[in-house]
Amino acid sequence: MTLTRKDIPNLISILRILLVIPVIAALREHQFGLAMVLFAIAGISDALDGFLAKHYHWESRLGSILDPLADKLLLVASFATLTWLGFLPSWLLWLVLGRDIMIVFGVLSYHYLFGKVKVHPVWSSKINTLFQIVLVFAVIVQHYAGLAIQDWIVIGISLVVVSVVISGAEYILIWGSRAWQQHKSN
């Protein structure tokens, strides 16, 4: 198998997946400076692979799977670790996980009931991912620098909650509407 420039975004996504383990290890060991740097690298790499794929038309089916998978693995693992450390409330982890499980269940149900699915993230989902990334990064920075930014963390949690609910509802409306249209046409 020969790699080409077109494979660069996918390789960056794979790198981001591989970064999950050292980020979580650094958090568990209270090495917040290292966790902050690794998490920032993961965030920058997410922006970079998306830019390269779109700008140079290097988008691929594999990339459409790897990119959100890398995001979800990093965020869910980070949320779970920060919850385990007592830095985020457990109900927030369950809310974030519930939305993700609902989306996966919905896509799989649609696939098995109606056929091939082409999933495109909705804007509210992209905003939700951004809020989750900012919240995780803020919690890491807070513990690294000993900053008294708890009010900002509470605002971040609130933004994540609102965006989880809105994006979850939007996915339900979109996929429910598609399923209803498919059902009516059969």
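Taking segment 46-67, which residues are surrounded by fewer than 18 Cβ atoms within 10 Å (Cβ to Cβ) and under 14 Å from the mean Cα position of the chain (by Cα)?
Of everything in segment 46-67, those that are surrounded by fewer than 18 Cβ atoms within 10 Å (Cβ to Cβ) and under 14 Å from the mean Cα position of the chain (by Cα) turn out to be A47, G50, S64, I65.
Got a sec? Which of I17, I24, I8, I65 is among the aliphatic types (A, V, I, L, M) and over 21 Å from I101 (Cβ atoms)?
On inspection, the qualifying residue turns out to be I8.
With G98, G176, G115, G168 as the choices, which residue is more than 21 Å from G43 (Cβ to Cβ), among the small types (G, A, S), surrounded by fewer than 16 Cβ atoms within 10 Å (Cβ to Cβ) and at pLDDT 90 or above?
Being more than 21 Å from G43 (Cβ to Cβ), among the small types (G, A, S), surrounded by fewer than 16 Cβ atoms within 10 Å (Cβ to Cβ) and at pLDDT 90 or above holds for just one of G98, G176, G115, G168, which is G98.
In segment 63-95, which residues are under 19 Å from W152 (Cβ atoms) and hydrophobic (A, V, I, L, M, F, W, C)?
L75, F79, L82, L85, F87, L88, L92
Please verify whether H120 is in a loop (DSSP other than H, G, I, E, B), within 30 Å of S185 (Cβ to Cβ) and modelled with pLDDT under 95, treating the condition exactly as stated.
Taking the combined requirement at face value, the residue satisfies it.
State whether one or more residues within segment 138-158 are within 13 Å of the chain's Cα centre (by Cα), under 25 Å from R16 (Cα atoms) and part of a helix (DSSP H, G or I).
no
With respect to S60, is the statement that it is farther than 19 Å from I155 by Cβ and modelled with pLDDT under 95 true?
So S60 fits the description; yes.
I need a count of the residues in segment 40-74 that are touching a residue at least 24 places away in the same chain (Cβ under 8 Å), part of a helix (DSSP H, G or I) and either touching a Ser or Thr at 6+ places or on another chain (Cβ under 7 Å) or of a type in the set (F, W, Y) (or both).
Final tally of qualifying residues: 6.
Step by step: first the residues of segment 120-133, then only those that are surrounded by fewer than 17 Cβ atoms within 10 Å (Cβ to Cβ) and in contact with a helix residue (DSSP H, G or I) (Cβ under 6 Å, 6 or more places away or on another chain), then the one that is farthest from I101 (Cα to Cα). Which residue is that?
Among them, the one singled out is I127.
Scanning for something part of a helix (DSSP H, G or I) and over 19 Å from the mean Cα position of the chain (by Cα), does segment 7-18 turn up at least one residue?
So far as segment 7-18 goes, yes, one or more of its residues are part of a helix (DSSP H, G or I) and over 19 Å from the mean Cα position of the chain (by Cα).
When only residues in segment 1-45 that are of a type in the set (S, T, N, Q) and surrounded by 14 or more Cβ atoms within 10 Å (Cβ to Cβ) count, which is farthest from L130 (Cα to Cα)?
For segment 1-45, the residue satisfying everything is Q31.
The values are calculated or read from the model by the stated rules, or taken from the named source; none is laboratory data. This one's a predicted model, so the numbers in the text were calculated from it and none came from an experiment. Because the Cβ atoms are built from the backbone with ideal geometry, glycine has one as well, and the counts that use them run over all protein chains shown.
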